[in-house]
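Colleague: For reference, the structure I am asking about is given below.
The values are calculated or read from the model by the stated rules, or taken from the named source; none is laboratory data. This is a predicted model, so every value here is computed, not measured. Here the Cβ positions follow ideal geometry from the backbone for every residue, glycine too, while neighbour counts run over all protein chains shown. SASA here: full protein model, heavy atoms, side chains in, ligands and nucleic acids out. Shrake-Rupley method; radii C 1.70, N 1.55, O 1.52, S 1.80 Å.
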Amino acid sequence: MRGQPLLSTVIHREKMAAAPVMMPYFGQQISSKSDLVPDWTRQEVSTGTTIMAVEYDGGVVIGADSRTTTGAYIANRVTDKLTRIHNKIYCCRSGSAADTQAIAEIVAYQLGFHSIELDEPPLVETAANLFRASCYRYREELTAGILVAGWDKRKGGQVYSVPIGGMLVRQPVSVGGSGSTYIYGFMDANYKPGMNKEQCMELTAAALSLAMERDGSSGGVVRLASISEEGVERRVILGNQLPKFSTH
Amino acid sequence: NRKLLRKSAPNMLHSLNSYALQPGGFSFENSRRNAVLESNLSQAGYKAPNARKTGTTIAGIVYKDGVILGADTRATDDMVVADKNCMKIHYIAPKIYCCGAGVAADAEITTQIMSSNVELHMLNTGRPPLVAMVTRQLKQMLFRYQGHVGSSLIVGGVDVTGAHLYSVYPHGSYDKLPFLTMGSGAAAAVSVFEDRFKPNMELEEAKQLVRDAIAAGIFCDLGSGSNVDLCVITEAGVEYLRGYDKPTTKGKREGQYRYKTGTTAVLTKTVTPLSLDVVNESVQIMDTE
């Protein structure tokens, strides 16, 4: 990749703090309210979204809907918002599609490099901190709400939430995205510590279905994944197979 | 306050960052001045020129042997057709082509830059390019420009790993799907795909499907029109079908609509001669094609 000056400078000098050099130069920002900017710059691709991650003893279960919108048009109805960062570390993306895809790619690179240096699988906490570093430093320019989840041998299954603004907090259960507001009550009522993997899967599928039913920016299929010491297992639940609730 | 600091003391900050942030991208220094000028102009009754957009319907599908890309051929300048037969399917690599929508100049230049980068990458690595590589470079470049490069692209091609189709948006996000449409006529075209697309279609059926999708855009979207261009990419090579279908050519009149003289009976006839002198006579040939 010799055509890319940014990446080659990073390798020779600082390794972990690659975030500032790899991000675009955010120096000049047009505020679209006061200046006359062309309208096509405003129509950004957003993931709308409902995302969720749950810890269980031995791993994590993550889930997301599959809708990406540009204004009122659904640009992709089968999006995969569960993005692989490392073998046993995934992230759930919400917010701007461009911002989250770019950040996830940068963090995946940084984590891969770090893992090779360590000669060991990386920690989930490391991945979460890399996300937090980029999301906090460029908080004014980015719109990204991310759930980092995975398994490592030091602390087992972990879920870290990095919402818009760049906070980092570990939680046993976390939901995110525009549809998450509709399922806080459901989560508080139905999550119990000590659930096993299948129970977590059912809880996630049910919660996502409820959110997708109510939130216009969420929909499509439910994508689930479970990450544990054994590996990653992915599932898709199609529209007609989603759990049904009474108000239909 | 972070921004103020950058504007007033740029040199100091650069010395702090020894691995300097890459200066570049667009300079927005004149934006405020331009906005003021434009508002003054519009008060006086003039309008600043707009960037020409391609209006556009572009589409792509993955079929049994590869990918088929399709596009209309109209370029618009607001509500005027600037080019009736422009080429929206651009060459990137021998078996990778790219359809461009959005701002015409941005789409054109972006694809040319990509084509040049791909060539260099091929020479550096000694390998034929992957569609994923083209997509990655495109999206990293567009993300760097934060959406100000207004090109929406559909990248399709065949490489050693198979046939792939990606869409890339101006802000730098991408989607990988078996069928895609973009541009102002995207909604019209995607409805055709959602109805009739099947995985692993045969060549003729697939070509007809893409043609129909673009035709839907041509007829149902004001920003798209003229002809359908197709580009069929397979393992064996590329077939660029410029002007594959011209659904908007004037039809042949089926019958005669002139009535015979004498069909309508003349009841009265009054002739009033007008005395006029010919002052000037000139002939101007109109371009009717």
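Colleague: Does A:E105 satisfy the condition of being among the charged types (D, E, K, R), within 14 Å of chain B (Cβ to nearest Cβ) and without any contact (Cβ under 8 Å) to a residue 24 or more places away in the chain? Break it down stepwise before answering.
Modeller: On the way: among the charged types (D, E, K, R): yes; within 14 Å of chain B (Cβ to nearest Cβ): yes; without any contact (Cβ under 8 Å) to a residue 24 or more places away in the chain: yes.
Yes.
Colleague: Just checking, does the range B:263-275 include any residue being open to solvent by less than 100 Å² (accessible area, probe 1.4 Å), part of a loop (DSSP other than H, G, I, E, B) and without any contact (Cβ under 8 Å) to a residue 60 or more places away in the chain?
Modeller: Within the range B:263-275, the first condition is being open to solvent by less than 100 Å² (accessible area, probe 1.4 Å), and the residues that meet it are B:263, B:265.
Narrowing further to those that are part of a loop (DSSP other than H, G, I, E, B): B:263, B:265.
From what is left, the residues that are without any contact (Cβ under 8 Å) to a residue 60 or more places away in the chain are B:263, B:265.
Looking through the range B:263-275, at least one residue is open to solvent by less than 100 Å² (accessible area, probe 1.4 Å), part of a loop (DSSP other than H, G, I, E, B) and without any contact (Cβ under 8 Å) to a residue 60 or more places away in the chain.
Colleague: Looking at B:E239, B:E254 in this structure, which one is within 29 Å of B:C220 (Cβ to Cβ), free of Cβ contacts under 8 Å to residues at least 40 places away in the same chain and open to solvent by 100 Å² or more (accessible area, probe 1.4 Å)? Reasoning before the result, please.
Modeller: Details: B:E239 fails: open to solvent by 100 Å² or more (accessible area, probe 1.4 Å).
Matching residue, one of B:E239, B:E254: B:E254.
Colleague: Please state which one of B:G223, B:G217 is part of a loop (DSSP other than H, G, I, E, B), touching a Ser or Thr at 6+ places or on another chain (Cβ under 9 Å) and of a type outside the set (V, I, T). Outline the logic, then answer.
Modeller: On the way: B:G217 fails: part of a loop (DSSP other than H, G, I, E, B).
Answer to the selection: B:G223.
Colleague: So which residues in the range A:99-149 are at pLDDT 95 or above, in contact with a strand residue (DSSP E or B) (Cβ under 8 Å, 6 or more places away or on another chain) and among the hydroxyl-bearing types (S, T, Y), if there are any at all?
Modeller: Listed by number, the residues that qualify are A:T100, A:S115.
Colleague: Can you confirm whether the range B:57-80 contains a residue that is under 26 Å from B:R144 (Cβ atoms), modelled with pLDDT under 75 and either of a type in the set (D, E) or open to solvent by less than 80 Å² (accessible area, probe 1.4 Å) (or both)?
Modeller: No, every residue in the range B:57-80 fails to be under 26 Å from B:R144 (Cβ atoms), modelled with pLDDT under 75 and either of a type in the set (D, E) or open to solvent by less than 80 Å² (accessible area, probe 1.4 Å) (or both).
Colleague: Given the structure, is A:T49 facing another protein chain (nearest Cβ under 10 Å), modelled with pLDDT of 90 or more and in a loop (DSSP other than H, G, I, E, B)?
Modeller: Working: facing another protein chain (nearest Cβ under 10 Å): no; modelled with pLDDT of 90 or more: yes; in a loop (DSSP other than H, G, I, E, B): yes.
For A:T49, the condition - facing another protein chain (nearest Cβ under 10 Å), modelled with pLDDT of 90 or more and in a loop (DSSP other than H, G, I, E, B) - is not met.
Colleague: May I ask you to list the residues in the range A:137-160 that are in contact with a Leu (Cβ under 8 Å, 6 or more places away or on another chain) and without any contact (Cβ under 8 Å) to a residue 60 or more places away in the chain? Spell out the reasoning first.
Modeller: At the first step, the residues of the range A:137-160 found to be in contact with a Leu (Cβ under 8 Å, 6 or more places away or on another chain) are A:152, A:154-155, A:159-160.
Result: A:R154, A:K155, A:Y160.
Colleague: Is it the case that A:S96 is crowded, with 19+ Cβ neighbours inside 10 Å, in contact with a His (Cβ under 8 Å, 6 or more places away or on another chain) and within 14 Å of chain B (Cβ to nearest Cβ)?
Modeller: Working: crowded, with 19+ Cβ neighbours inside 10 Å: yes; in contact with a His (Cβ under 8 Å, 6 or more places away or on another chain): yes; within 14 Å of chain B (Cβ to nearest Cβ): yes.
Considered against the rule, which asks whether it is crowded, with 19+ Cβ neighbours inside 10 Å, in contact with a His (Cβ under 8 Å, 6 or more places away or on another chain) and within 14 Å of chain B (Cβ to nearest Cβ), A:S96 comes out as yes.
Colleague: Given (1) part of a strand (DSSP E or B); (2) surrounded by fewer than 18 Cβ atoms within 10 Å (Cβ to Cβ); (3) of a type in the set (S, T, Y), identify the lone condition not met by A:Y184.
Modeller: Unmet condition: (1).
Colleague: While we're looking at this one, here's another question. Do you know which of the residues in the range B:178-216 that are open to solvent by 30 Å² or more (accessible area, probe 1.4 Å) and of a type in the set (S, T, N, Q) is farthest from the chain's Cα centre (by Cα)?
Modeller: The extreme case among them is B:N200.
Colleague: Okay, next question. Mind checking which residues of the range B:127-177 are in a helix (DSSP H, G or I) and open to solvent by less than 40 Å² (accessible area, probe 1.4 Å)? Steps first, please.
Modeller: Our first condition is that a residue be in a helix (DSSP H, G or I); within the range B:127-177, this holds for B:131-144.
If the condition is that a residue be in a helix (DSSP H, G or I) and open to solvent by less than 40 Å² (accessible area, probe 1.4 Å), then B:V131, B:M133, B:V134, B:T135, B:Q137, B:L138, B:K139, B:M141, B:L142, B:F143 are the ones that fit.
Colleague: Right, another one. Being over 17 Å from the mean Cα position of the chain (by Cα) and modelled with pLDDT of 95 or more is the filter here; which residues of the range B:144-164 pass it? Full working, then the answer.
Modeller: Here is the first cut: in the range B:144-164, the ones over 17 Å from the mean Cα position of the chain (by Cα) are B:144-146, B:157-164.
Those that are over 17 Å from the mean Cα position of the chain (by Cα) and modelled with pLDDT of 95 or more: B:G157, B:V158, B:D159, B:V160, B:T161, B:G162, B:A163, B:H164.
Colleague: How many residues are in contact with a helix residue (DSSP H, G or I) (Cβ under 8 Å, 6 or more places away or on another chain) and surrounded by fewer than 19 Cβ atoms within 10 Å (Cβ to Cβ) if we restrict to the range A:221-243?
Modeller: Applying the first criterion (in contact with a helix residue (DSSP H, G or I) (Cβ under 8 Å, 6 or more places away or on another chain)) to the range A:221-243 yields A:221-222, A:224, A:226, A:228, A:235, A:237, A:242-243.
Going one step further and asking which of them are surrounded by fewer than 19 Cβ atoms within 10 Å (Cβ to Cβ), we end up with A:235, A:237, A:242-243.
Summing the residues that are in contact with a helix residue (DSSP H, G or I) (Cβ under 8 Å, 6 or more places away or on another chain) and surrounded by fewer than 19 Cβ atoms within 10 Å (Cβ to Cβ) in the range A:221-243 gives 4.
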